[in-house]
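The next block holds one structure in the form of structure tokens; read it before the comments.
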Amino acid sequence: MEVWLAAAIFLGTYVLIATELVHKTVAALAGGGADGRAARRGAA
Amino acid sequence: MVALHVVEQHEAFEAIDFNVIFLLLGMMVIANVMRGTGVFQWVAIRSIRVAGGDPWRIVLVLCLITAVASAFLDNVTTVVLIGPVTLYIAAALGVSPLPYLIAEILASNVGGMATLIGDPPNILIGSAAGIDFATFAWNMTPVAVLILVAFLALARVLFAKDLAAHREHMSELDLDETGVITEPRLMRMSVAVLALTILGFLFAAPLGYEPATVALLGASLLFIVARIDPTEVLERVEWNTLLFFVGLFMVVEGVIKVGIISGIADTLFDVTGGEPVATSVSLLWISGVASGIVDNIPYTATVIPIIQQLGERGADVEPLWWSLAMGADLGGNGTIIGASANVVIASLAARAGHEITFRRFLRYGVLTVLMSLVIATFYLFVRYLL
């Protein structure tokens, strides 16, 4: 399950980067999950 | 990856290669200080004069400067320095900078292949395989020169249409380098610090320093001796690029952790049965293709342990190290996100109002990678496998 999830996130991120639907920095950060939720969970 | 627990936050953060991030940051600081002194404009005007104002000759001169500099500097550093020069040249000529910038990206990845410090994957491979600077250059410089010559011939064809249009529409050149150096004292200091930093890169490994340490020391030294306000310089750092790498490292860590990348590599070796010619050639081509999709730094970091495992089983790993180096370095030319230098130039171009789209770069990148890998295969076979 985890493999498919990782593959889906990875491919989704690269599709976003390749198609330029969003800025590539936003796509990479969103794919990595370095968003507010992750930061808040880490701080907690 | 973090929010869905594919990797935990600490794993994602540990996956970020801060040597790459801080190397970039340090060199961006030095380059940004130099940019304000007028030295890039001076180099640009001299280049145009050498090239006689002909678009193809400008491409040629810029590619040669970029390729040679990329061998002795990290190729990211090279494009950080040469990118603004190119933007200045194109603006002076009244033409789009994109053909020149794309050609520079391609030349930087070819030139960077030549030495241990030329491209980040080389640093990883040299460290893992115990290959020193001279040995790396002895093995990789000949093939880098061969591929550079072939690339320049290909570039003449690839960019012919763009450059023909430039020839028709370019502005009259009436440039004089006199007086373009606006801050001579700062220029001398920043050039001296850059030279010291380059020397630092050459001697960093024997002294036990990472390239990022050298770059940050150089940037700090420049701030101190030139008494510059850091706020102003740091505002011009390409934070977009640095954060892109941060995100990319975390995304790739997810697929590394769940075993997707090592699974692909394991399959490769199962298919070839560890036979030297088949394994080396397959590794070269798979690395070439994969490095266009995944940034070549995390890709290389993933494949290195697989090669080490094969070595422990008695396989001759020497051709495999060179296959990985050539494949990862050259494959970086495949897409606009294939190597750090590509991303840096794309960001510089976007900031100047010229977008290098994924599709546009692909047109030039794929052909260059195919040609390069054919030459690399020939070299690999003749030098290591016959």
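Chains B and A: buried accessible surface, both sides, probe 1.4 Å, rounded to 100 Å²?
Numbers: alone 16440 and 3810 Å², together 17840 Å².
What B and A bury together is about 2400 Å².
At what distance in nm do the modelled label points of residue B:191 and residue B:350 sit from each other, each positioned 7 Å from its Cα along Cα→Cβ?
If labels sit at residue B:191 and residue B:350, their model points lie 3.4 nm apart.
Quick one: angle between helix B:98-112 and the longest Cα principal axis of chain B, in degrees between 0 and 90, rounded to 10, please.
Helix B:98-112 and the main axis of chain B meet at about 50 degrees.
For residue B:169, tell me the accessible area in Å² from a 1.4 Å probe, rounded to the nearest 10.
Estimated to the nearest 10 Å², residue B:169 gives 130 Å².
Enumerate the amide H contacts of residue A:33 below 5 Å, restricted to partners 5 or more residues apart or on another chain; note that Pro and chain-start residues carry no placed amide H.
For residue A:33, the qualifying residues are B:2.
Using the Cα centre of the protein assembly as shown as origin and beta-carbon charges of +1 (Lys, Arg) and -1 (Asp, Glu), tell me which of B:247, B:381, B:56 is placed farthest towards the positive end of the dipole.
Of the candidates, B:56 comes out farthest on the positive side.
With θ taken as phi - 60° and the coefficients 6.51, -1.76 and 1.60, list the Karplus ³J(HN,Hα) couplings across region A:5-15 in order, rounded to whole Hz; mark glycine and proline as x.
5, 4, 4, 5, 5, 4, 5, x, 4, 5, 5
Once you put a point 7 Å from the Cα of residue B:232 and another 7 Å from the Cα of residue B:3, both along the Cβ direction, what distance in nm separates them?
The answer from the label model is 4.0 nm.
What part of the accessible area of the protein assembly as shown, given as a whole %, is carbon or sulfur when the probe is 1.4 angstrom? Walk me through the numbers on the way to the answer.
Details: 11750 of 17840 Å².
In the protein assembly as shown, the share of accessible area belonging to carbon and sulfur is 66 percent.
So how exposed is residue B:57, as accessible area in Å² (1.4 Å probe, rounded to 10)?
For residue B:57, the solvent-accessible surface is approximately 130 Å².
Where only protein heavy atoms count, and the probe is 1.4 Å, what is the accessible area per residue for region B:236-386 in Å²? Intermediate values should be presented prior to the final figure.
On the way: 5440 Å² over 151 residues.
Averaged over the residues of region B:236-386, the accessible area is 36 Å².
Charges only on Cβ, +1 for Lys and Arg, -1 for Asp and Glu: so what's the dipole of chain B about the Cα centre, in debye to the nearest 20?
Working: 18 positive and 31 negative charges, 188 e Å.
Dipole about the Cα centre, nearest 20: 900 debye.
Considering only protein heavy atoms, with the full assembly of protein chains and a 1.4 angstrom probe, order B:199, B:24, B:216 by accessible area, largest first. Spell out each step's value before the answer.
Working: B:199 85, B:24 5, B:216 65 Å².
Largest accessible area first, the residues go B:199, B:216, B:24.
For B:229, B:54, B:329, write out the residues from largest to smallest accessible area, computed with a 1.4 angstrom probe and no ligands counted. Write out the running numbers ahead of the final one.
Values: B:229 80, B:54 40, B:329 0 Å².
Ranking B:229, B:54, B:329 by accessible area, largest first, yields B:229, B:54, B:329.
Using +1 at the C-beta of Lys and Arg and -1 at the C-beta of Asp and Glu, which of B:180, B:205, B:153 has the Cα lying farthest in the positive direction of the dipole of region B:115-215?
Of the listed residues, the answer is B:205.
Could you work out the mean count of beta carbons from other protein chains within 10 Å of each residue's beta carbon in A:11-24? Walk me through the intermediate numbers first.
Values: counts 1, 1, 7, 6, 0, 0, 8, 8, 2, 5, 0, 0, 3, 12.
Per residue, the number of nearby Cβ atoms from other chains is 4 on average.
Leaving out ligands and nucleic acids, note down the accessible area per residue over region B:1-93 with a 1.4 angstrom probe, in whole Å². It would help to have the intermediate numbers written out before the result.
Numbers: 2940 Å² over 93 residues.
In whole numbers, region B:1-93 has 32 Å² accessible per residue.
The values are calculated or read from the model by the stated rules, or taken from the named source; none is laboratory data. All values derive from a computational prediction rather than experimental measurement. Every residue, glycine among them, receives a Cβ derived from its backbone with ideal geometry; neighbour counts consider all protein chains shown. For the accessible areas, the whole protein counts, side chains as well, though only heavy atoms, and no ligand, DNA or RNA atoms are used. Shrake-Rupley method; radii C 1.70, N 1.55, O 1.52, S 1.80 Å.
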